Amino acid sequence: MAQARDRDSFESRSARRSKQWPSIAILVVAVVGAGLIACDSTSKDGDSRIEVAAETAEVSTTEASSMETPATEAAAAIASLRKGLGGALRNGLAKGPVEAISACRLDAPRITGEIGEGRMMTVGRTSHRLRNPDNAPEDWMRPLLDEYRHVEPSPGSSRTVDLGDRGMGYVEPIYLKPLCATCHGENVDPKLLASIREQYPDDEAVGFRVGEFRGLFWAVTKESPVH
Ligand code: HEC
């Protein structure tokens, strides 16, 4: 019985192994093909096997690049930024809202910078009513801020803008959630408000209602929007 089981498992192991071979072979061929495309040199006309491989590699490259458009890259960068800032905010709030202000002040610019650098693009947040003057909108963002302010809230409705030689601008709207009202809402605790005013003397970012348009996440990628 035990022996039979052993044989079974041996057989299924070797079956698995032989099943793996085709995929390994495809991988090797694809790598060879990719190498040929990259070096653009040693392709021999007579060798049809390599030509097929080169075609396969080319198809997969095309698929990859059509999935990774500048807009999807920008959206992915903003998703990481949203996640990073959300985590920092939760950590800060665990210590108390006044402490969280300092955490936001120090962490938000650092996280924003790191995400942009890692992805070779610039990302950030901006608003029509700023807390931090460093987040002031660039010219191309102003009409978009105006537009989103005057339409019904539409979470996730992104927009792209052709910035010519600079590449592509991408924005996503930010709406106020109940959690955000602690520091941006209509009834901010007086002690907290005093701390905000101390660190941001020109703050205009209180008095928002939950659900109201608060500003934009933005990204500038190096590629233009149309390909
Ligand atoms: C603990 C207080 C606190 C909470 C809670 C908080 N923020 Fe902020 N917010 C800040 C501070 C401080 C800044 C300035 C930091 C920076 O970006 O340099 C800021 C900046 C911003 C900015 C950048 C534009 C500007 O005015 O400088 C946006 C947009 C923003 N917050 C939206 C939100 C949203 C949306 C939430 C809820 C998910 C939220 N905030 C929760 C304190 C807070």
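Computed from the coordinates by the stated procedures, all read-outs in this text should not be read as laboratory data. All figures in this text were calculated on a predicted structure; none of them were measured in a lab. Note that we place each Cβ from the backbone using ideal geometry, even for glycine, and neighbour counts take in every protein chain shown.
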message = Which one, 78, 144, 180, projects farthest toward the positive side of the charge dipole computed for segment 70-221 from Cβ point charges (K/R +1, D/E -1)?
response = 180
remark   = The equivalent-ellipsoid semi-axes of segment 94-159, taken as the square roots of five times the Cα gyration tensor eigenvalues and listed largest first in whole Å, are 24, 17, 12
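I'd like to know how segment 70-221 sits against the 2.2 N^0.38 Å rule of thumb: what's its Cα Rg over that expected value?
Numbers: Rg = 15.2 Å, N = 152, 2.2 N^0.38 = 14.8 Å.
Its radius of gyration relative to the 2.2 N^0.38 Å reference: 1.02.
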note = Kirkwood Rh for segment 130-183 from C-alpha pairs, in Å, is 12.9 Å
For segment 89-128 versus segment 164-194, the gap between their alpha-carbon centres in whole angstrom = 11 Å
note = In the neighbourhood of residue 102 defined by beta carbon distances under 12 Å, the net charge of the other residues (Lys, Arg +1; Asp, Glu -1) is -1
